[in-house]
Amino acid sequence: MREFSKAFLWGAAASAPQTEGHSLENGKSASTWDEWFKLAPEKFNEQQGPSDTSNVYEEYSKDIQRMKELGMNSYRTSIAWTRLLPDGRTVNPEGTAFYKAYFSELKANGVEPIINLFHFDLPWWLMEKGGWEIRESVEAFAFYAKTAFELFGDTVKYWTTFNEPLVHIECGYLYGFHYPAIVDFKKAVQVGYHTLMAHVRAVEEFRKLQIENGQIGIILNISPAYPKSQSSEDLKAKELADLFNTNSFLDPAVHGEIPEKLITVLKEHELTPVTETQDKELIRQNTVDFIGLNYYQPRRVQAPTTVHFPAEMPSDFYIPYDMPGKRINPYRGWEIYPEALYDVAVMMKEQYRNIPWYVSENGMGVAEEERFMDEQGMIQDDYRIEFMKEHLRELHRGIAEGSNCFGYHTWTFVDCWSWLNGYRNRYGFYRVDLDNHFERSLKKSGLWYKELIEKNGFLD
Ligand code: BGP
């Protein structure tokens, strides 16, 4: 039996833009997703946009009963900045009432809400001014964060500032996947820097309010780098991949410092962002209470064969290595490598002062899951159960060695809309009926999760 600690958090994660629906209604203003969908609907799988989600705006009460039924003791979702503060300054009463009711009901049902402030959804009014490229975004975010803490801090005790800040940086400014789909390394670094400062300022606002028992963290996507070989070139590629993708946010969040090495590399390549004098001190003073790590896949890397100087893209520092024989989830194209979760646990213990952390996302997206539906209408997603088991086994090993992990959340609870992928890949414990997004049905993995929670572990 692999058992977990008594207070271990079991739950699932989601986000406002991927679940709420009513994306341009009830007082909400447009985010970059709403506008991009308007501008280029063909980019979205089956032209499903951000209004086409799982209707949590109406369904949250019933969903909370479903969470309770599985025994979940925690749940993470986010606030939509555009719903709470449609113009960035004025509180939307309808949005406030919705979130108040939603969070209180979670709490009343024994499901601890972990509330995140930013999940890829920048307000359009801010994007039009330059978004994260401009310093104004930092103060705009700090104001939004403060407003949210003041409004909901009596109910919500666990807060996080950003979900996967690397995503809006690299998808928006390096690889063309998200709006504004610009390819510009220097801008990407500036966007990253402003994001970090926005995080830090939000933490500062949080501390000022002294919310009773309140804790604040950040959620980072972690794909630990593994080198192709032990050659010095490949090892350097691994080091740089971790520097840009892992240490860049983890170090300031936990240690209060941007890694010296990163500062040097950016300088060498003329990528240094514009900063302000007080920033260093702000970063130093505003570290977090806990970290959430989203783990899906490792990052296999090797040394680049041709490089530009100064660097034009991260591929001038490291390139992907397509390792023969790796296990893969063919629907998402992501490698399955549970062992990395053990490595992450050890890294948190040894390099990040064993700060409390939890697995804030882990899961397996599979397309056309209706194929696996049995006669009773239940999706037999044994592959998902196996995936979770394998990852929990490795996590447990890390915890047994002293890593301070306090919970495990899967992505996700109810199948949800996923950005450009729409509803292509499903992740939920509950299936959403694509012909009627109000309808949900439990999958086999949900039953397995319920049992896991009941036993606080699993037989292995
Ligand atoms: C994470 C995001 C989520 C979610 C998940 C699954 O990176 O935080 O928003 O989408 O990945 O990925 P996808 O939906 O792209 O398959």
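The values are calculated or read from the model by the stated rules, or taken from the named source; none is laboratory data. The shown structure was predicted, so the numbers you read here are calculated from the model rather than taken from an experiment. Every residue, glycine among them, receives a Cβ derived from its backbone with ideal geometry; neighbour counts consider all protein chains shown. In case anyone asks, the SASA skips ligands and DNA or RNA and just uses the protein heavy atoms, side chains included. Shrake-Rupley method; radii C 1.70, N 1.55, O 1.52, S 1.80 Å.
A compact table of results
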quantity	calculated
The one condition in (1) open to solvent by less than 20 Å² (accessible area, probe 1.4 Å); (2) touching a Lys or Arg at 6+ places or on another chain (Cβ under 7 Å); (3) not polar (S, T, N, Q) that Lys28 fails to fulfil	(1)
Residues satisfying the stated conditions in the range 382-393, i.e. open to solvent by less than 30 Å² (accessible area, probe 1.4 Å) and either in a loop (DSSP other than H, G, I, E, B) or within 16 Å of the ligand (Cβ to nearest atom) (or both)	Arg384, Phe387, Met388, His391
Candidates Tyr358, Tyr408, Tyr449 - the one that is open to solvent by less than 10 Å² (accessible area, probe 1.4 Å), more than 16 Å from the ligand (Cβ to nearest atom), hydroxyl-bearing (Ser, Thr, Tyr) and touching a strand residue (DSSP E or B) at 6+ places or on another chain (Cβ under 8 Å)	Tyr449
Members of the range 103-126 that are aromatic (Phe, Trp, Tyr) and crowded, with 24+ Cβ neighbours inside 10 Å	Phe118
Selection count, the range 399-410, where residues are in contact (Cβ under 8 Å) with a residue 24 or more places away in the chain and in a helix (DSSP H, G or I)	1
Test: Arg327 is open to solvent by 80 Å² or more (accessible area, probe 1.4 Å) and either farther than 26 Å from Tyr430 by Cβ or away from the ligand (no atom under 14 Å from the Cβ) (or both)	yes
Number of the exception - Phe206 against (1) within 22 Å of Pro113 (Cβ to Cβ); (2) open to solvent by 10 Å² or more (accessible area, probe 1.4 Å)	(2)
Subset tally (residues that are away from the ligand (no atom under 16 Å from the Cβ) and either of a type in the set (D, E, K, R) or open to solvent by less than 10 Å² (accessible area, probe 1.4 Å) (or both)) for the range 148-177	10
Residue selected from the range 46-85 under the condition open to solvent by 30 Å² or more (accessible area, probe 1.4 Å) and within 22 Å of the chain's Cα centre (by Cα), by the criterion modelled with the lowest pLDDT	Asp52
Test for His396: is it closer than 30 Å to His255 by Cβ, within 16 Å of the ligand (Cβ to nearest atom) and outside any strand (DSSP E or B)	no
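The rows are residues; the columns are (1) of a type in the set (Ser, Thr, Tyr); (2) in a helix (DSSP H, G or I); (3) in contact (Cβ under 8 Å) with a residue 24 or more places away in the chain.
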| residue | (1), (2), (3) |
| --- | --- |
| Lys68 | no, yes, yes |
| Val91 | no, no, yes |
| Lys100 | no, yes, yes |
| Pro113 | no, no, yes |
| Thr147 | yes, yes, yes |
| Phe162 | no, no, yes |
